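Down below is the structure, laid out as structure tokens.
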Amino acid sequence: MKVSRPLLIAIIIILGVGGVLLANRPNTQNPTPNNPEQEVEKPIIVTTLFPFYNFTSQLVGDKAEVSLLLPPGVEPHSFEPTPQDIIKIQESDIFIYTGDIMEPWVADIVANIPDSVKVINASEGITFIDSTDDHSHENDHGHEDEKKENKSGSNLDPHFWLDFNNAIISTQTISKAISSLNIIDSTNLENNTNTLITSLEQLDTEYKSTFDQCKNKTILQAGHRTFEYLAKKYNLQYITTEELSPNSDTSAKDIAKLIREIRENKSKTVFTEELVEPRIANTIKTETGASVLVLNGAHNISSEQFKSKISFVDIMRQNLENLSIGLECK
């Protein structure tokens with residue numbers, strides 16, 4: 001998203017005012033001499049998308065206030081921060097964002113926030129999939145000449161956390177940032193980090209063992225191309241009705257192609273994505289008799305899921321259950 005000049009000026013003004021407020025905010029992380037019993041204020045960590053909110057929460061426990069900038073239930077690709085969101089970021093101790101590809105709006109914000117805010121790019125060290133590369137899918141969705149851009153204008157796929165090795169890299173990046181601010185005892189942080197990494201490694205093992213037993217090796221999805229990392233990691237074919245961009249249009253030709261693939265593969269399931277109206281998937285269901293199952297890219301979660309404190313690993317296990325059904329795994 002390219003920020004318009006008037007909006008950018010408004011943001012800078014807001015940031016300037018907020019910077020003054022931040023500079024004058026009392027430091028309550030340690031009791032003052034005049035009030036030794038003063039309550040210690042916890043460090044504030046702001047995260048943009050659910051996976052990194054969840055990872056951070058597991059790493060710090062109750063030693064910091066972790067917040068999710070994206071409201072539960074909101075489709076992440078269309079999200080734009082409000083002035084209140086910007087103030088929340090500038091008053092934080094750590095700001096963790098997904099990356100410049102997923103969130104191009106971050107650049108203008110971090111350029112104007114106080115030096116006291118530690119800014120963490122959760123995609124640091126990640127190798128992105130280029131959606132223009134031929135990675136054995138032979139342009140499955142039939143748009144050989146169409147440019148597959150996400151909202152930043154890049155051809156790189158931003159959904160990197162769906163390769164669990166990348167999720168582990170992000171966990172290590174976030175853990176290192178937390179360690180540098182001494183938010184939590186180093187031993188506890190190390191234990192929490194190892195516990196989270198172990199759960200992600202176990203998740204990878206479960207996915208591998210499940211897909212080894214699948215009758216069908218093709219994920220057929222009505223929607224935008226979200227699960228490329230997952231498909232590539234486990235050597236699955238992946239065919240969608242839309243391109244990488246969530247703003248892609250689905251044509252009658254796209255729908256007809258997926259219907260043909262379902263019939264040729266004798267597939268019994270078409271997948272749709274969470275927080276997306278399943279209209280196209282239901283149309284395909286009517287034409288083919290295929291059932292519709294949901295895959296959750298974990299960009300965001302519903303309000304109900306947020307209240308229930310669902311984890312990233314929980315969501316991925318729900319995905320695996322639906323994939324196991326849809327791909328007819330033993």
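Summed over the range 298-316, the residues that are surrounded by 14 or more Cβ atoms within 10 Å (Cβ to Cβ), of a type outside the set (A, V, I, L, M, F, W, C) and either modelled with pLDDT under 95 or not in a loop (DSSP other than H, G, I, E, B) (or both) give a count of 5.
Tell me, please, whether a residue that is within 30 Å of I262 (Cα to Cα), among the acidic types (D, E) and surrounded by 14 or more Cβ atoms within 10 Å (Cβ to Cβ) can be found in the range 207-227. No. Taken over the range 255-280, residues that are touching a residue at least 40 places away in the same chain (Cβ under 8 Å) and under 25 Å from M102 (Cα atoms) amount to 7. Going by the conditions given, is S152 at pLDDT below 90, surrounded by 18 or more Cβ atoms within 10 Å (Cβ to Cβ) and assigned to a loop (DSSP other than H, G, I, E, B)? Spelling it out, S152 is indeed at pLDDT below 90, surrounded by 18 or more Cβ atoms within 10 Å (Cβ to Cβ) and assigned to a loop (DSSP other than H, G, I, E, B). Only one entry in E103, E124, E138 is out of contact with any Asp or Glu (no Cβ under 6 Å at 6 or more places or on another chain), modelled with pLDDT of 95 or more and either of a type in the set (D, E) or farther than 17 Å from F55 by Cα (or both), namely E124.
Picking from residues in the range 155-192 that are assigned to a loop (DSSP other than H, G, I, E, B) and surrounded by fewer than 23 Cβ atoms within 10 Å (Cβ to Cβ), the one that is modelled with the highest pLDDT is D163. Taking the range 252-288 as the range and being more than 27 Å from the chain's Cα centre (by Cα) and part of a loop (DSSP other than H, G, I, E, B) as the test, the residues that pass are K266, S267, K268.
Whenever a residue of the range 42-58 is free of Cβ contacts under 8 Å to residues at least 40 places away in the same chain, its partners that are surrounded by fewer than 24 Cβ atoms within 10 Å (Cβ to Cβ) and among the acidic types (D, E), lying with C-beta atoms within less than 7 angstrom and at least six residues away or across chains, give the pairs K42/E65.
The values are calculated or read from the model by the stated rules, or taken from the named source; none is laboratory data. As the structure is a computational prediction, the values presented were derived from the model and not from experiment. Every residue, glycine as well, gets a Cβ built from its backbone with ideal geometry; the counts of neighbours run over all protein chains shown.
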